[in-house]
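These notes are about the structure you will find just below.
The values are calculated or read from the model by the stated rules, or taken from the named source; none is laboratory data. It should be emphasised that the depicted structure is a prediction, and the values quoted were computed from it without experimental measurement. No Cβ is skipped: glycine too gets one built from the backbone with ideal geometry, and neighbour counts run over all protein chains shown.
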Amino acid sequence: MKISGKLPCAGQIPVEHHLHGEKWVDEFGWLRADNWQACVDEPELLPEAIKEYLDQENAWCEFNMADTVELQATLLGEMRGRIEADDDSLPDEEGPWSYFERYIGDEEYPSYWRIPRQGRESDVRVAAAGKSDLGVSDLDVKGQSVASSQQNYTQEQLLIDFNVESDGHEYYSPGDVEYSSNHAWLAWSVDTVGAERYCVYIRNLETGVDEDIINDVESITWGDDRYLFYTRVDSEHRPNQVYRHEQGADPADDVLVFEEQDSRFFCSIWTSLSGRYVFISTDMNDQSEVWYIPCDDMTSEPVLIESRTEDLEYSVEHQGDRFLILTNADGASDYKIMQTPCATPSRRYWRDWLPSQEGRMVLDVYAYQDWIMWMEREDALPRICYARSSGAIAMAGDLPLLETASVQRIDFDEEAYALSLEPLLEFDETRFRFGYESPSTPEQTWSFDLETGERSLLKQELIPSGHDPENYVVRRLYAESADGEQVPLTVLHHKKTPLDGTAPCLLTGYGAYGSSSPATFSASLLSLIDRGFVHVVAHVRGGQEKGRAWYDAARFSGKHRSIDDLIGVAEYLVAQNYTSAGRIVLSGASAGGLLVGAALNRETDLWGGAIAGVPFVDVLHTLLDENLPLTPGEWSQWGNPKTDPQAFADIRSYCPYMNVQARAYPPMLVTAGISDARVTYWEPAKWVARHRQRRVDTGAIYLKTNMTSGHFGETGRYASLAEYALEQAFALKIMSFCLTAR
């Protein structure tokens, strides 16, 4: 790669550190601004020396990618062409109204509307009558019939238009949109900085006026028509308080309902589908504690279900006279569903409803009046399950009797796919919706009838520029890791791509926090696939694709297994001629960036390049700094290097920043967000600066810092595509590969 222009140079201010008998020097710690907390919320306060360095890096990236400007424009045009400009969501029906979300033309953000429920002939909307862009008949989509309808627009009411609200803001990220149960009020939130501190507005739907404003909020939920509950974010960007706001009252008088004192725990809130309870949960990686407030007594004190206990995780849903508990209690590492009377909710009264089964991980659970639905995952594939259950709980003395579910399951045929379960809003429903997609199949939304087992297609994601899933190959394969473990991988490529080792490969992974990587459809990714790339998702340990043990195996001193797995997948792809050594571009974001950085340090010949988005790469220094927003809660994932010498040694051994070597590395594109409170801007900045200091080819690394956004980058549906276009242009450039789509 030709390097020209002015090479950025970060000044070095060596600071010597000592801990656990070890000594090391950090030359670039000065990039962490002393006033970093203020800078996250107000980037204009960033010290000039730091801003100057970040500007230099941005200019260097722009200069060296200048020869791809035309390519980026082409990619961007292709990506825009796959987005349906005018698009309505399926309606959420409750009471007398149907609520829906709408995109129009070139608008970046949605608007929210409602229409009298009888104003729509049906809640069904499909791509078109006759022949869809999937190349299958609307009368035979996966063997199921499809209904279609026209919308009645005459009675629509605009509730909020985020395109209007965003005017004048450099950064704008809509958050929650929640209406009260009497349909008179709309609570909506927005982040205008990127630091994930939301401002909540409460709109009178009769007048259209926002009457109340609440700052520094993370999430909201209505308790009843009068009270709104919200979690407040502290100075460390941690949601640690729950407040109750009375509609029409001064927010300064809002009542503190719950406060979490332990900095390792984060608060969340939700209202049960039954509308009977507001739940407050405070969680860390392996502990939970849930409280409830009855919606018919909103000003009462929260009631504890079960105190936090080490290694006890649980969440709660309500049905009838019982609570349903999704939990790992009694050693159920892959979780099970238990039940307990609402009148006696503590652990002593919990009894199995759906017993645990090793290797079958139970995910989210939802309850209707007469039905329970939940998601499961086994061997990296999800499925939807359901069972009839009235919510009545049989008792023997003061203890509930065991009720074993009569389970029905919905299965699918593709080798790799993703599912979402979407319950409807009314508690007496007998239908739910689910989303289905795969790397080759755009998202479909189906309606499922619990009484009859029939399903019908409601909506198919449109690809206006055209898309035929038959042109693509999706495979679920397994690669052997260093210790013999079989690692799942999801492969996508065009059917015309030769599998003779000549194809370049984009290899992505995450592998942390138990977060699994679903096999979803990405319209933007098709630009690479159509140019001959093979895309592979490595489902490495650290996620939960194969159950809780898959996650636990890569925690603490086991983190090396995530890296071993990624390298094992890469070696398998080379051996099977999907690609060849030096033709693999690594890609990972956040904790996935840690995976990328560690793999770059471990191997030299496999990688042809790397894309690291907001990468968590200065792991050691971050986990040593308990004043950073997320650090105390992170210790249960990685270990505490401050107090534990073994944790210190483990983290130091794989930390990407600590292990940059004086050798050649492949070209790298690194991104950061100046207002990112999750992975602060100085982590990728320090990493790039150290690479320039040590690596042989100092120029072949580019850092692009978004000076107006946070962890998730640009938020508009079109504006965000520019980042994908830059990354794909980089991948195509460094592979010197075909620039023309098939």
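For segment 197-246, taking the residues that are more than 30 Å from Glu156 (Cα to Cα) and of a type in the set (Ser, Thr, Tyr), the one that is surrounded by the fewest Cβ atoms within 10 Å (Cβ to Cβ) is identified as Ser235.
Of all residues in segment 681-701, those that are in contact (Cβ under 8 Å) with a residue 24 or more places away in the chain and within 19 Å of Ala589 (Cα to Cα) have Cβ atoms under 9 Å from Cβ atoms of residues that are in a helix (DSSP H, G or I) and among the basic types (Lys, Arg), 6 or more apart or on another chain, in Ile701/Arg692. The set of residues in segment 337-351 being surrounded by fewer than 20 Cβ atoms within 10 Å (Cβ to Cβ) and not in a loop (DSSP other than H, G, I, E, B) consists of Pro341, Arg347, Arg348, Arg351.
Suppose the filter is surrounded by fewer than 18 Cβ atoms within 10 Å (Cβ to Cβ) and touching a Leu at 6+ places or on another chain (Cβ under 9 Å); does His183 pass it?
Working: surrounded by fewer than 18 Cβ atoms within 10 Å (Cβ to Cβ): yes; touching a Leu at 6+ places or on another chain (Cβ under 9 Å): yes.
Taking the combined requirement at face value, the residue satisfies it.
Within segment 521-556, the set of residues being in a strand (DSSP E or B) and over 18 Å from Phe730 (Cα atoms) comprises Val537, Ala538, Arg541, Gly543. All conditions but one from (1) without any contact (Cβ under 8 Å) to a residue 60 or more places away in the chain; (2) touching a helix residue (DSSP H, G or I) at 6+ places or on another chain (Cβ under 6 Å); (3) of a type in the set (Ser, Thr, Tyr) apply to Ser420; the one that does not is (2).
Cβ-Cβ contacts under 7 Å between residues 6 or more apart (or on different chains), taken from a first residue in segment 537-550 that is at positive phi to a second residue that is assigned to a helix (DSSP H, G or I), are listed as Gly542/Tyr551; Gly542/Ser562. Summed over segment 716-742, residues that are modelled with pLDDT of 90 or more and under 27 Å from Gly105 (Cα atoms) total 14.
Of the residues in segment 590-597, at least one is β-branched (Val, Ile, Thr), within 30 Å of Arg717 (Cα to Cα) and either in contact with an Asp or Glu (Cβ under 6 Å, 6 or more places away or on another chain) or at pLDDT 95 or above (or both).
Of the residues making up segment 693-722, just one is touching a His at 6+ places or on another chain (Cβ under 9 Å) and surrounded by fewer than 17 Cβ atoms within 10 Å (Cβ to Cβ), namely Thr698.
Given the criteria surrounded by 17 or more Cβ atoms within 10 Å (Cβ to Cβ), among the basic types (Lys, Arg) and either modelled with pLDDT of 95 or more or farther than 20 Å from Arg264 by Cα (or both), does Arg652 qualify? Against the criterion (surrounded by 17 or more Cβ atoms within 10 Å (Cβ to Cβ), among the basic types (Lys, Arg) and either modelled with pLDDT of 95 or more or farther than 20 Å from Arg264 by Cα (or both)), Arg652 qualifies.
Got a number for residues in segment 476-511 being among the charged types (D, E, K, R) and within 22 Å of Gly435 (Cβ to Cβ)? The number of residues fulfilling the criteria is 1. Note on segment 234-289: among residues that are out of contact with any helix residue (DSSP H, G or I) (no Cβ under 9 Å at 6 or more places or on another chain) and of a type in the set (Ser, Thr, Tyr), the one that is nearest to Ser300 (Cα to Cα) is Tyr277.
Of everything listed in (1) more than 25 Å from the chain's Cα centre (by Cα); (2) of a type in the set (Gly, Ala, Ser); (3) at pLDDT 50 or above, the single unmet condition for Ser173 is (1). For segment 594-648, enumerate the residues that are polar (S, T, N, Q), part of a loop (DSSP other than H, G, I, E, B) and under 16 Å from His20 (Cβ atoms). Matches in segment 594-648: Asn640, Thr643. Condition check for Ala612 on (1) touching a strand residue (DSSP E or B) at 6+ places or on another chain (Cβ under 6 Å); (2) without any contact (Cβ under 8 Å) to a residue 60 or more places away in the chain; (3) under 26 Å from Arg238 (Cα atoms); (4) not charged (D, E, K, R): one failure, at (2). Among the residues of segment 256-302, those that are touching a strand residue (DSSP E or B) at 6+ places or on another chain (Cβ under 7 Å) and assigned to a loop (DSSP other than H, G, I, E, B) comprise Glu260, Arg264, Phe265, Ser272, Leu273, Ser274, Arg276, Cys295, Met298, Ser300, Pro302. Figure legend. Inter-residue proximity from segment 515-529: first residues more than 14 Å from Arg82 (Cβ to Cβ), second residues among the basic types (Lys, Arg) and at pLDDT 95 or above, beta-carbon distance below 9 Å, spacing 6+ or different chains. Indicated pairs: Ser516/Arg377; Ala519/Arg476.
Do we have any residue at all in segment 678-692 that's of a type in the set (D, E, K, R) and loosely packed, with under 15 Cβ neighbours inside 10 Å? So far as segment 678-692 goes, no, none of its residues is of a type in the set (D, E, K, R) and loosely packed, with under 15 Cβ neighbours inside 10 Å.
Taking the criterion of being within 19 Å of Thr271 (Cα to Cα) and polar (S, T, N, Q), the residues of segment 306-339 that qualify are Ser315, Gln319, Thr327, Gln339. So, Met375, is that one surrounded by 16 or more Cβ atoms within 10 Å (Cβ to Cβ), out of contact with any Leu (no Cβ under 6 Å at 6 or more places or on another chain) and at pLDDT 95 or above or not? In short, no. Looking at Thr309, is it in a loop (DSSP other than H, G, I, E, B), over 23 Å from Val365 (Cα atoms), among the β-branched types (Val, Ile, Thr) and more than 26 Å from the chain's Cα centre (by Cα)? So Thr309 fails the test.
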